[in-house]
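Visitor: Please find one structure pasted underneath; my questions will follow.
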Amino acid sequence: MAAMTEYQTVEAGDVVYRDGTIKLHGPQGFEGMRKAGRLAAEILDALAEQVRPGVSTEALDTFVREMMLDGGAVPATLGYRGYTHSCCISINHVVCHGIPSPGKTLRDGDIVNIDVTPLLDGWHGDTSRMYLVGDVPLKARRLVEVTHECLMIGIAQARPGARLGDIGAAIQAHAEQYRYGVVRDFCGHGLGRLFHDAPEVVHAARAGTGPELKAGMFMTIEPMINLGRPHVKLLGDGWTAVTRDKSLSAQFEHSIGITDEGAEIFTLSPTGRDKPPY
Ligand code: MF3
Ligand code: CO
Ligand code: CO
C-alpha cells in the first residue's frame with residue numbers, strides 16, 4: 001500500500017519540524033516568502049553585472065553574502081550541513097553545489113548557475129539562474145533556454161488537485177524531446193521556515209502519481225538538465241556534483257506557493273531578467 005501523505009496547517013509563529021509532513025501555510029507565510037523571494041531575485045538580478053570573464057567565484061560569493069546582509073537576511077547555506085559559503089556556483093559540467101573558491105575564475109564561453117537562499121525573517125527564498133559568460137556556443141545556449149522552459153512548464157502544472165508527479169512528468173517530457181538527460185539524484189523540495197522539507201519534488205516522474213497539491217504548499221522546482229546522460233557523480237569535496245559523462249548541465253530554480261488558482265512564483269525577477277540574455 002502506498003504511504004499516506006500527511007499535511008499540517010502552519011499558523012503564524014508555529015515552530016515546524018522536518019517530520020515528513022507537508023506544511024500548508026496561510027497569508028503570513030505567503031507574505032514572508034514574497035519578501036525572502038524578492039530579495040533572492042534581486043541578488044540574482046545584480047549578479048548579471050558581476051558575471052564576466054576573470055571574476056572569481058569567491059568574489060561572487062562575497063557579493064552575494066553582502067547583499068543578503070544588507071537586505072537584513074543571512075545566507076541559509078552558511079553553516080548548513082558544514083557548507084561554509086553563501087551560495088553555490090556551478091560551472092559547465094558541474095550539476096549543482098559548486099563551491100565558490102578564489103582559484104576558480106569564470107572564462108569566456110562558460111555557462112554558470114548561481115543558486116542563492118537568503119533566510120529573511122525566518123523564511124527561505126531559494127532560487128537559481130544560469131548566466132552566460134562572454135561568447136557561448138549555440139548548443140550550450142539552447143540547453144540553457146530549454147532548461148528554463150522545463151522549469152516554467154513544471155510550474156504550469158502546479159495547482160490544487162494536481163499531483164506532484166505531474167510536475168516531473170511535464171519537465172521530463174519536454175527535456176527528453178531534445179534528448180537531454182534529466183538528473184534524478186537531486187530534487188526540488190518543500191521549504192518555508194525550513195530550508196529543505198517534504199515533499200521531494202522529482203523532475204522525472206509519472207503523471208497522476210505522488211501527493212496531491214493543496215493551496216498553501218510551498219516548494220521549489222529546480223530541474224537539472226544535462227546535454228548528455230542524466231548520471232552524476234560527487235567529487236571528493238563531498239559537495240560538487242558533476243555529470244559522469246562530462247557533458248554540460250544547466251539548472252533554474254524558483255520557489256513557489258500553491259494558491260487557489262495555481263501557483264505564485266516568489267522568486268520572479270522584478271526587472272524581468274529571469275533568463276539570459278540579461
Ligand atoms: N540552494 C540549494 C537548493 O536548491 C541547496 C544548497 S545547500 C548547500 O536546494 F549547502 F549546498 F549550499
Ligand atoms: Co532548492
Ligand atoms: Co537553490
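Visitor: I need the full set of residues from the stretch 100-126 which are under 20 Å from K246 (Cβ atoms) and either within 13 Å of ligand 2 (Cβ to nearest atom) or surrounded by 21 or more Cβ atoms within 10 Å (Cβ to Cβ) (or both), in order please.
Guide: L106, I111, V112, N113
Visitor: Continuing with the same structure: If a residue must be more than 15 Å from ligand 1 (Cβ to nearest atom), outside any loop (DSSP other than H, G, I, E, B) and of a type outside the set (A, V, I, L, M, F, W, C), how many such residues does the stretch 103-129 contain?
Guide: Here the count works out to 1.
Visitor: What residue, among those in the stretch 242-278 that are of a type in the set (G, A, S) and buried (at least 21 other Cβ atoms within 10 Å of the Cβ), is nearest to R81 (Cα to Cα)?
Guide: Looking at the filtered set, the residue picked out is S255.
Visitor: Another one. Looking at this structure, is L69 within 16 Å of ligand 2 (Cβ to nearest atom), more than 23 Å from N226 (Cα to Cα) and surrounded by fewer than 24 Cβ atoms within 10 Å (Cβ to Cβ)?
Guide: So L69 does not fit the description; no.
Visitor: Also: Any idea how many residues of the stretch 250-278 are part of a loop (DSSP other than H, G, I, E, B), charged (D, E, K, R) and under 19 Å from L164 (Cβ atoms)? Outline the logic, then answer.
Guide: We begin by selecting, within the stretch 250-278, every residue part of a loop (DSSP other than H, G, I, E, B); these are 252, 259-262, 266-278.
Then keep just the ones that are charged (D, E, K, R); that gives 260-261, 273-275.
Filter again for under 19 Å from L164 (Cβ atoms), leaving 260-261.
Number satisfying all stated conditions: 2.
Yes/no matrix, rows are residues, columns are (1) basic (K, R); (2) farther than 30 Å from A59 by Cα; (3) crowded, with 18+ Cβ neighbours inside 10 Å:
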residue	(1), (2), (3)
M4	no, yes, no
V10	no, yes, yes
D14	no, yes, no
P27	no, yes, no
L39	no, no, yes
L47	no, no, yes
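Visitor: Considering only the stretch 193-204, I want to know if a residue exists there that is of a type in the set (A, V, I, L, M, F, W, C), assigned to a loop (DSSP other than H, G, I, E, B), in contact with a strand residue (DSSP E or B) (Cβ under 7 Å, 6 or more places away or on another chain) and within 16 Å of ligand 3 (Cβ to nearest atom).
Guide: Just the residues of the stretch 193-204 that are of a type in the set (A, V, I, L, M, F, W, C), to begin with: 194-195, 198, 201-202, 204.
Remaining after also requiring assigned to a loop (DSSP other than H, G, I, E, B): 194-195, 202, 204.
Now restrict to residues that are in contact with a strand residue (DSSP E or B) (Cβ under 7 Å, 6 or more places away or on another chain): 195, 204.
In the following step, the residues that additionally are within 16 Å of ligand 3 (Cβ to nearest atom) were identified as 195.
Yes, there is a match, as at least one residue in the stretch 193-204 is of a type in the set (A, V, I, L, M, F, W, C), assigned to a loop (DSSP other than H, G, I, E, B), in contact with a strand residue (DSSP E or B) (Cβ under 7 Å, 6 or more places away or on another chain) and within 16 Å of ligand 3 (Cβ to nearest atom).
Visitor: Being touching a residue at least 40 places away in the same chain (Cβ under 8 Å) and over 18 Å from E42 (Cα atoms) is the filter; apply it to the stretch 57-81 and report the residue that is farthest from the chain's Cα centre (by Cα).
Guide: Per the stated criteria, the residue is E58.
Visitor: Hey, Y131 hits all of (1) surrounded by 21 or more Cβ atoms within 10 Å (Cβ to Cβ); (2) hydroxyl-bearing (S, T, Y); (3) in contact with a His (Cβ under 9 Å, 6 or more places away or on another chain) but one; which does it fall short on?
Guide: The number of the failed condition is (3).
Visitor: Cβ-Cβ under 9 Å, sequence separation 6+ or interchain: first residue in the stretch 6-20 and farther than 14 Å from G122 by Cα and without any contact (Cβ under 8 Å) to a residue 60 or more places away in the chain, partner in a loop (DSSP other than H, G, I, E, B) and of a type in the set (A, V, I, L, M). Which pairs?
Guide: From the stretch 6-20, the pairs are Q8/V16.
Visitor: From the list R159, R179, R141, which one is under 18 Å from I265 (Cα atoms) and surrounded by fewer than 18 Cβ atoms within 10 Å (Cβ to Cβ)?
Guide: Details: R179 fails: under 18 Å from I265 (Cα atoms); R141 fails: under 18 Å from I265 (Cα atoms).
Exactly one residue qualifies, and that residue is R159.
Visitor: Somewhere in the stretch 218-238, is a residue of a type outside the set (A, V, I, L, M, F, W, C), touching a helix residue (DSSP H, G or I) at 6+ places or on another chain (Cβ under 6 Å) and within 16 Å of ligand 3 (Cβ to nearest atom)?
Guide: Initially, the stretch 218-238 is screened for residues of a type outside the set (A, V, I, L, M, F, W, C), giving 220, 222-223, 226, 228-231, 233, 236-238.
Okay, now just the ones that are also touching a helix residue (DSSP H, G or I) at 6+ places or on another chain (Cβ under 6 Å), so 223.
Subsequent filtering for residues that are within 16 Å of ligand 3 (Cβ to nearest atom) retains 223.
Yes, the conditions are met somewhere in the stretch 218-238.
Visitor: For the subset of the stretch 82-99 comprising residues that are closer than 19 Å to D45 by Cα and in contact (Cβ under 8 Å) with a residue 40 or more places away in the chain, which member is farthest from ligand 2 (Cβ to nearest atom)?
Guide: In the first step, residues of the stretch 82-99 are kept if they are closer than 19 Å to D45 by Cα; the result is 86-91.
Narrowing further to those that are in contact (Cβ under 8 Å) with a residue 40 or more places away in the chain: 88, 90.
Working: C88: 10, S90: 13 Å.
Going through the qualifying residues, I end up with S90.
Visitor: Would you point out which residue out of G82, G32 is out of contact with any helix residue (DSSP H, G or I) (no Cβ under 9 Å at 6 or more places or on another chain), crowded, with 17+ Cβ neighbours inside 10 Å and either modelled with pLDDT of 95 or more or not basic (K, R) (or both)?
Guide: On inspection, the qualifying residue turns out to be G32.
The values are calculated or read from the model by the stated rules, or taken from the named source; none is laboratory data. Remember, predicted model here, so these are calculated numbers, not experimental data. For neighbour counting, all protein chains shown are included, and Cβ atoms are generated from backbone atoms with ideal geometry for every residue, glycine included.
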